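Participant: Have a look at the structure that comes next, please.
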Amino acid sequence: MKRLYFFIIGAFSLVGLWAIYYRLTEGLKMTALTSNVSWGLWVVFYIFFIGLSAGSFLLSTMVYVFNMKQYEKIGKVALLSAFFSLVAGLMFIFIDLGHPERFWHALVYRQPTSILSWEIHFYLIYMLIIVAELWFLLREDISRLVIKAKGFKKFVFKLVSIGYSIPDNSEKLERDRKQTHKWMKILGIIGIPTAIGVHAGTGSLFGVIVAKHMWNSGLTPILFLVSALVSGAALMLLLYALLVPKEKQDNTMLKSLGGLLILFIAVDLLIVAAKYLVGLYNYVPDERQVLLNMMFGERWYIFWVGQIMLGAIIPILLLSIKKGSSTLKALAGLSTILGIFCVRWNLVVPAYLESPMPGLETAFVHDRLLFEYTPNLFEWITSLGLISIVILLFSLALNSLPIMETKEGKEDNGETADGVQAI
Amino acid sequence: MEEKKITRKKFVITSLLGTLGLVAGELIRQSHSIDNIENEVDTENKKYGMVIDLDRCIGCNACTIACKQENNTPPNIHYNVVIEKEEGEFPNVYNSFLPRVCMQCDKPPCVKVCPVGATKKQKNGIVSIDYETCIGCRYCMTACPYGARSFDFGENYYDQPNTFEASPYQEYDKIYQRGKGKAPQNSVRKCHFCSHRVDKGELPACVTACLGKARFFGDLNDPNSEVSIKAKGSWTLKSNLGTKPRTFYLGEKRDD
Ligand code: SF4
Ligand code: SF4
């Protein structure tokens, strides 16, 4: 089972590598993007993963900053998925650049007026914080693994332990653990504003664009942030219900996590309703028309089926079943995550489909000047491949590090990997 | 062991302070220039602008062709377009034409969002793009309210560029030639008032080509120039967005 899983995901990753190679050599003409719909599927995935990352990270701070002991069991996996989601998000923004080889320009030619420039710095600081937190959390376990492992594995573990080894007496170990505790709190406290900056900032990328009336609102960053929390909580629910064997699951925690998810979804719905209803009230064409097209146009189902059904109604129903099994909870998590993907799509693409100047759409006609966008096969394959690469790395990390272990019990590694397969 | 820990702590603290310092430094360095892009425009020098008289435009698209030729733009790139609309009620229908170039805004949203400063407001009023710096993030295209920017996907009229397409041409102060992966491919492009011609004292290609003599170009700092005189009583597109365009229109106001 485990072999099969790694084989499949490995094959997809190879496809991903091929697609990246192809993309880098051929340029953006491989995509279905046009000059008028300048951001597409890859940007949707980018904000989706950045949101997933920020959401997971904020949930982990409940444990390490606010000392909510009941969530301790998801603390590590929350941090780990925050890290890998961030990696996924950055990979997507990287392949979306017209000149990926010049990505370092963003760090060298900094531009303080540009939100994007600020965001790139935020992402890096945020990544450092996550890595530092993970290192503090896992250094004890890793140095144990260094002692146990042999050959190449030993080398890798040694590398990630960055020279830390378990002290030889228990007094020192106690002191180190205290130190870990303290640093987790400090890093978490710095991390909270950073994570908010990361995702609300990503929302401001869109919020400040005066040319797109639908985005140009102070609610946009808030909407990004709240839906990030929704997706983070959903991911934790999914991972915990899947990865931890049924008999070891902590049902009270699952329940309260479910309650948290419902709360986040409710706030999210409130903001969506406020934003969209206000937008529909007046006759500003590039706001009202965009919203109408989104809800009742050709792609109505992304809003009604994706955003509303999958993202809100189904998870709320599944979670409110009193004696619901953990499989149902996992399904609720999965459905929410898919729903949030639709939310991200609707945040990006519809605003591009209205011409900014009436008549521009017919002034000069060419495939690359359309106000239409459907991602082509290549974009989907690339996305699938990229996501596979990240899932592969994530499951390798889950497989070799004691992420899901808690003080009470340790799970078998084989089962852990099987669990991931279902994602 | 003990020593090691001190260095680690020092390292973390130093790097945090360093980051803070960088952020503060940037903020101070830029704080006065962020919203003063307009004031940076040198009043001593020339400050170019364009006036388009819609009552004289006959919608022939000579400007579009001249522009494509001058800047050797591939099929999907339009620096200049003429937006054509049918107006009025039957039987009194007529076509209205609205040539749209880059407005060379004095408060350009496109410049503000560029993460690497590849697109800049020049002292002479022109908004330029540095094809060697642009990372192709396409944020500026999103930010432009006039749809004036397009992305060079690297496509040509012919799979193997024909002799015209493959010949060298000038934009800004550089010579370019079409070829796979060569600048400006995979960057954003837009109208720049033919800055390479303007630098030589010539008029933009569209102004020269205009059949109806609907376009006027020149130095708006000089109150006696033709363009300054024409600009009186003109209006600009989407003036409510505060972008302060340097391209002005004459004739019946046709906002949006
Ligand atoms: S018209 Fe668009 S591209 Fe030109 S300066 Fe204004 S915002 Fe920038
Ligand atoms: S596409 Fe180029 S010019 Fe436009 S914002 Fe990005 S880096 Fe700047």
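The values are calculated or read from the model by the stated rules, or taken from the named source; none is laboratory data. Not measured: the values here are computed from a predicted model. Neighbour counts are summed over all protein chains in view; Cβ atoms, including those assigned to glycine, are modelled from backbone coordinates with ideal geometry. Remember, those area values only see protein heavy atoms, side chains included, never the ligands or the DNA or RNA. Shrake-Rupley method; radii C 1.70, N 1.55, O 1.52, S 1.80 Å.
Participant: Calculated FRET efficiency, B:TYR94 and B:LEU17, Cβ-Cβ r, R0 56 Å, to nearest 0.05?
Facilitator: FRET efficiency, B:TYR94 to B:LEU17: 0.25.
Participant: With each run of n ≥ 4 DSSP H residues scored as -39500 (n - 2.57), what mean residue ellipticity at 222 nm is computed for chain B after dividing by its residue count and rounding to the nearest 500 deg cm²/dmol?
Facilitator: Per the formula, -8000 deg cm²/dmol.
Participant: Follow-up question, since we're still on this one. Quote the FRET efficiency, to the nearest 0.05, computed for A:GLU72 versus A:LEU4 with a Förster distance R0 of 45 Å and r equal to the Cβ-Cβ distance.
Facilitator: My answer for the efficiency is 0.90.
Participant: Same structure, new question: Of the chymotrypsin sites (Phe, Trp or Tyr not before Pro) in the stretch A:78-180, which ones lie in a loop per DSSP and count no more than 12 other C-beta atoms within 10 Å?
Facilitator: Passing both the DSSP loop test and the Cβ count: A:TRP104.
Participant: Just to confirm my numbers, what's the Cα centroid distance between the stretch B:178-219 and the stretch B:77-115 in Å?
Facilitator: Distance between centres, Cα-based: 16 Å.
Participant: Shifting gears a bit: Working with all protein chains in place, sort A:ASP286, B:ASP159, A:ASP367, A:ASP176 by solvent-accessible area computed with a 1.4 Å probe, largest first.
Facilitator: Order by accessible area, largest first: B:ASP159, A:ASP367, A:ASP286, A:ASP176.
Participant: Next question. Between exposed GluC sites (Glu not before Pro) in chain B, where DSSP calls loop and at most 11 other Cβ atoms lie within 10 Å, what's the longest gap?
Facilitator: Counting only loop sites that pass the neighbour cut-off, the longest clear stretch is B:90-251.
Participant: With a point put 7 Å past each Cα toward its Cβ, work out how far A:GLU26 is from B:ASP55 in nm, to one decimal.
Facilitator: So the label points at A:GLU26 and B:ASP55 sit 5.3 nm apart.
Participant: What is the spin-label model distance, in nm, from B:LEU211 to A:ILE189 if the labels are put 7 Å beyond Cα along the C-beta direction?
Facilitator: Roughly 7.4 nm, to one decimal.
Participant: A further question on this structure: Show me the chymotrypsin sites (Phe, Trp or Tyr not before Pro) within the stretch B:112-204 that DSSP assigns to loop and that have at most 14 other Cβ atoms within 10 Å of their Cβ.
Facilitator: Those that pass, being in a loop and sparsely packed, are B:TYR157, B:TYR158.
Participant: What are the membrane-span-like helices in chain A by this rule: whole DSSP H runs, Cα extent along the axis at least 20 Å, mean Kyte-Doolittle hydropathy at least 0.5?
Facilitator: A:2-26, A:41-64, A:72-96, A:115-148, A:219-243, A:251-281, A:326-348, A:377-400
Participant: Taking amide H atoms as placed 1.01 Å from N in the peptide plane, list the residues 5 or more away in sequence, or in a different chain, whose amide H sits under 5 Å from that of B:LEU220.
Facilitator: B:LYS47, B:TYR48, B:GLY49
Participant: Once you average over the residues of B:149-158, how many Cβ atoms of partner chains fall within 10 Å of each Cβ?
Facilitator: Per residue, the number of nearby Cβ atoms from other chains is 5 on average.
Participant: Determine which residues of the stretch B:206-234 fall in the zone a paramagnetic label at B:ASP173 would reach in this model, i.e. backbone nitrogen under 17 Å from the point 7 Å along Cα→Cβ.
Facilitator: No residue passes the distance filter.
Participant: Using a 7 Å offset from the Cα along the Cα-to-Cβ direction at both A:TYR301 and B:LYS232, what is the distance between the two label points in nm, to one decimal?
Facilitator: 6.3 nm
Participant: So, one more: Would you compute, from DSSP H runs of 4+ residues alone, the mean residue ellipticity of chain A at 222 nm, taking -39500 (n - 2.57) per run and dividing by the full residue count, rounded to the nearest 500?
Facilitator: The helix contribution divided over chain A gives -23500 deg cm²/dmol.
Participant: Report the residue, chosen from B:ASN45, B:ASN156, B:ASN95, that carries the largest GNM mean-square fluctuation when chain B is represented by alpha-carbon nodes joined by springs under 10 Å.
Facilitator: Maximum fluctuation in the GNM of chain B, among the listed residues, is at B:ASN95.
Participant: Which trypsin sites (Lys or Arg not before Pro) does the stretch A:307-340 hold that lie in a coil by DSSP with at most 10 other beta carbons within 10 Å?
Facilitator: Listed in order of number, the matching sites are A:LYS322, A:LYS323.
Participant: Whenever you get a sec, compute what percent of the accessible area on the protein assembly as shown sits on carbon and sulfur atoms (1.4 Å probe).
Facilitator: Carbon plus sulfur share of accessible area: 64 percent.
Participant: Longer than 23 Å from Cα to Cα, which of A:LYS275/B:LYS190; A:LYS76/A:LYS150; B:LYS174/B:LYS213; A:LYS76/A:LYS185; B:LYS230/B:LYS253; A:LYS2/A:LYS246 are they? Say none if no pair is.
Facilitator: A:LYS275/B:LYS190; A:LYS76/A:LYS150; B:LYS174/B:LYS213
Participant: A follow-up question, please. Enter the mean number of other protein chain beta carbons within 10 Å of the beta carbon of each residue in A:359-371, as an integer.
Facilitator: Taking the mean over all residues of the peptide, I get 6.
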